[in-house]
Structures are given as C-alpha cells and as structure tokens.
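What follows is a single structure, written as structure tokens, with notes after it.
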Amino acid sequence: MATNDDADTKRSEILALIPDYFREAFPSRPFIPGETPVPVSGKVFDCEDVASLVEASLDFWLTAGRFADRFEAEFARWVAVEHAFLVNSGSSANLLALAVLTSRALGTRALSPGDEVITVAAGFPTTVNPIYQHGLTPVYVDVELGTYNASYESILEAVSPKTKAIFLAHTLGNPFEAERIAAYAREHSIWLVEDCCDALGSELTGKYVGTFGDISTFSFYPAHHITTGEGGAVLTNSPELAGLIQSYRDWGRDCCCKPGQDNRCGRRFSLKFGELPEGYDHKYVYSEIGYNLKATDMQAAVGLSQLKKLDGFIKTRRDNFKYLLDRLRGLGDKLLLPRAATDSNPSWFGFPIAIKPETGLNREDLLRYLESKKIGTRLLFGSNLARQPAYMGKNHRVAGGLKNTDYVMNNVFWVGVYPGLSNEMLDFIVTSIESRLNRT
Ligand SMILES: Cc1ncc(COP(=O)(O)O)c(C=O)c1O
C-alpha cells in the first residue's frame, strides 16, 4: 500500500519536472515588429507560478484551503490592511463591497434603495453595476482630463442629503484624491469604497491605495498587476465590515467555519437565532442575504507566487510608463498625455492618450492602423457609461455635467505598459503612432 512518504516522493518528482516543461512549453520568442502582438496587458509568469498551481492541484482540495488562507494573510500584509478576503473576480469584489454596506447590521448607516452613491461614468461597468443591483442611484461626476479621475471638489459638489456612499476607481492606476475624500466621508458618515482593481501598488502620499477607504477591492484577472486567472479580493480594516464580508461571500451564513471545518466557535449546537429552534446547527444559520463568491486554492496558489514578483512588476510598469511619456512628448501638440495625480506614485495599468480634437485627427483611424500593426489598444472601458445601451433610461443623477466624460468617449484610448513589453515593443508603439500622426 502506498504510504504518505511514497506520495510525497511522487509529488517531488512531478514538481522537479516543471522547469523543463516550462522551458519547452513557453519558450521566449524574438520580437518581429508588425508580426509579434504587442498586447495592452497579459499575464507574466514563470515556472514557479506553474509549480505553485500544480502543487495546489495535487492537494486536490479544489475549494479555498491552505493556499487561500496564506494568500489572504500575505496580501493583507502587502497592502497594509488588516483583513483580506479572496473572491472569484474583481467584479465580485465590487458586488460584495457594496452588498455588505446594505446589511441591516449597520443600522442607520446601511444603504437602502433610493440612496445615492457618488461615482463616475468614465470607467468600468462593474464599478457602477452593484449600485443598480442594490436599487441605489448612481450619481455621476465628471473626470479631469489627463488624470481621468473625479476631483475632490466635484465629489463635494455632488453630495446631497441622500448620499450614503462614494465608490470610485483609481483610473488606470492613477490615484484619485482618496486621502481628502476619505477624511470628508468620515466626517459626514459617508462610506468610501476604493476600486483598486487597476491600481495595485499605486501610492498616494506615501501610502498604498486601498488603505484610505472603508473597503477596497482588487482584481487578479490576467490583465492586472498580479494574476490568479479569475480572482479578486476585498480588504478592510474594520472588524465589523470584515465579519460582514465573510458572511456575504460565504452564502450569508452566520458561522465563520472555513470550507471543511466544523464547530470553529465551539457552540455549533447551543445557540438561538431568529425564530429557529434552540441549538439549530450554526452551520446553517443565515444572518445575511449572501452569495457564494469564493475562489479556489489553485487560484490562491498562483496568487502567492505572483505576489513574490509584485515589486518587480510595479517597477517595470513605472519604467515603461516613463519610457512612453518621454518618447511621446514630441507629439504634445497633437496628443494630450497622461498626468500622475498630485502626491502620487502610480503603479500604472495603462498609458492613456487623448487625440486633441482641434487637430482634426481621427481616433478610430489611428486605432485601426495600430491594430493592423498588431499593437493592442483599448478605450477607457465604458468611457461614458450613461450613454451605453445597458444604462440608457436607468435611474441616475448627473452632478455638474459630463463634458470631459464625453471627451474621453470621443478622444481617449490607451496602450500597454505591462511588464511583458520590451523596450523594442514600446519603441514600435511610439514610432507607429508618430508615423500615422505625422503623415500629413
Ligand atoms: C476598475 C475596474 N474595476 C473592476 C474590474 C473587474 O475586474 P474583473 O475583470 O476581475 O471582474 C475591472 C476589470 O478590469 C476594472 O478595470
């Protein structure tokens, strides 16, 4: 009969094969301009990531377990926030963040249908969708050109007696004025949720984004700063919110046992809840209207090995951003180039560029040209969500007009800065933009 020692030996043999497998399966290839794709983003991984994934697979635990526990602890420590909860996407993280703020446990501070949440329309849909999904009203404020974030002043002007929360993303890694907005929100009992899905490692006044709001969210989709495949996280410093996040993530249950665990509190059959009989099994007591948004150990295992490389990834993103900025400055008469927020050190997600409308140049013409050279481009996500088909006719309020948001919709696009891009690729992006724009 096989012993555990035999299984351990076989496990070691399997893991020892991975470096060779990795070399054969994922060889590096030379860059051929015009033929090799230059994507906007992508996963950057090595044989340690593959080994970590295989290790978790060999456990065959399949749900959240030892790797998820470690990832949550290490990720929380990295961002410098008390509690982190791994979930199955950044969109789920946003859904969860807003869902917990509707809990009756929060008393008068709970969000209820009709309450307003201040956000922007120039962004990703699943920052705004949870607002609708909970019967709340999004209040759109405009963004500034160059930073593509809402200003502190515009947020204050949007506040009404119905404002209960502010939910903003750090656009493409560029921090919004989270410190000032958080101070205002605290003073006025308004919740602040930071969507950091595109901004892991971005700093504002020397602190990481995700440390300012009541709750912060992250995405680990392959486009992002680290990847777990699909994946995300919700972070908070508040023990009360942490309890709610865990409950809403795990079916809304009252019990805090982890998958495979029983009777963690030691009072599984001795409590009384609602109108349930005394001693009703605590594992099946539901104190919230929850979801199941958990991720698996296989995802967490990849996250753990990616986390070791995060500092290097961030440095390369910054270097790549600077490289593009320096090289594109010469086109300043035609292009509006990005600007880092005051007191910030962004961990850039992408390099946003606006084609100045007065030049008469056509954005789609340039994007088609770049795509023909296999240079990936993206728009600023939904650009003006209020004009997207899904949002037409939906209840919302606009505070102060969306002039710049429309400018973003018509003129802005972004190219990549992710660590998989070499200087040769960045040069090719620059020379291709130059040659198309200087054509006439
Ligand atoms: C700002 C922002 N929030 C949320 C998300 C959603 O993350 P996910 O794709 O992991 O659901 C994204 C996706 O890129 C995003 O850019």
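Values in this text are rule-based calculations from the coordinates and carry no lab data. Fair warning: this is a prediction, and the values are worked out from it, not measured in the lab. Cβ atoms come from the backbone with ideal geometry, glycine included; neighbour counts cover every protein chain shown.
Here the simple spin-label model places points 7 Å from the Cα toward Cβ, and for LYS356 and GLU24 these points are separated by 5.6 nm.
Rg/Rh for the stretch 86-145 (Cα atoms only, Rh after Kirkwood) is 1.00.
When only Cα pairs under 8 Å and 6 or more residues apart are kept, what is the percent relative contact order across the stretch 263-336?
Here the relative contact order equals 14 percent.
Extension gain for GLU82 to LYS283 (0.36 nm times residue separation, less C-alpha to C-alpha distance): 69.8 nm. Each Lys and Arg contributes +1 and each Asp and Glu -1, all at the Cβ; summed about the Cα centre of the chain, the dipole is approximately 780 debye.
Can you give me the relative contact order of the chain as a percent, contacts being Cα pairs under 8 Å and 6 or more apart? For the chain, the relative contact order is 23 percent.
Past 20 Å, Cα to Cα, is the threshold; run LYS162/LYS403; LYS43/LYS309; LYS315/LYS356 against it and keep the listed order.
LYS162/LYS403; LYS315/LYS356
Using θ = phi - 60° in the Karplus curve 6.51 cos²θ - 1.76 cosθ + 1.60, the 3J(HN,Hα) couplings for the stretch 165-182 round to 8, 10, 10, 10, 9, 7, 5, 6, x, 7, x, 7, 6, 5, 5, 5, 5, 5 Hz; x is entered for Gly and Pro. Name the lysines eligible as straight-distance cross-link partners of LYS258: C-alpha to C-alpha under 27 Å, and not fewer than 8 places from it in the same chain. Output for LYS258: LYS272, LYS283, LYS294, LYS308. Please report, in debye to the nearest 20, how large the charge dipole of the stretch 338-397 is about its Cα centre when each Lys and Arg carries +1 at its beta carbon and each Asp and Glu carries -1 there. Computed about the Cα centre, the dipole is about 180 debye. Run the reach check for LYS334 against aspartates and glutamates, Cα to Cα strictly under 17 Å, same-chain hits fewer than 8 apart removed. What comes back? Here the aspartates and glutamates satisfying the reach criterion relative to LYS334 are ASP326, GLU358, GLU364, ASP365, GLU434. Label point of TRP251 set 7 angstrom out along Cα-Cβ; within the stretch 277-303, amide nitrogens under 18 Å from it belong to 277, 279-297. Mind checking which of LEU244, HIS83, VAL143 is farthest towards the positive end of the chain's charge dipole, using Cβ charges of +1 (Lys, Arg) and -1 (Asp, Glu) about the Cα centre? Comparing the listed Cα positions along the dipole, VAL143 ranks first. For the stretch 177-247, relative contact order (Cα pairs under 8 Å, six or more residues apart, normalised by length) works out to 24 percent. Placing dummy labels 7 Å off each Cα toward the beta-carbon, the span from LYS10 to ILE32 is 4.3 nm. Counting other Cβ atoms within 10 Å as a rough exposure proxy, the listed residues VAL128, VAL50 run VAL50, VAL128 from fewest neighbours to most. Over the residues of the chain, the helix contribution to mean residue ellipticity at 222 nm works out to -11000 deg cm²/dmol, using -39500 (n - 2.57) for each DSSP H run of at least 4.
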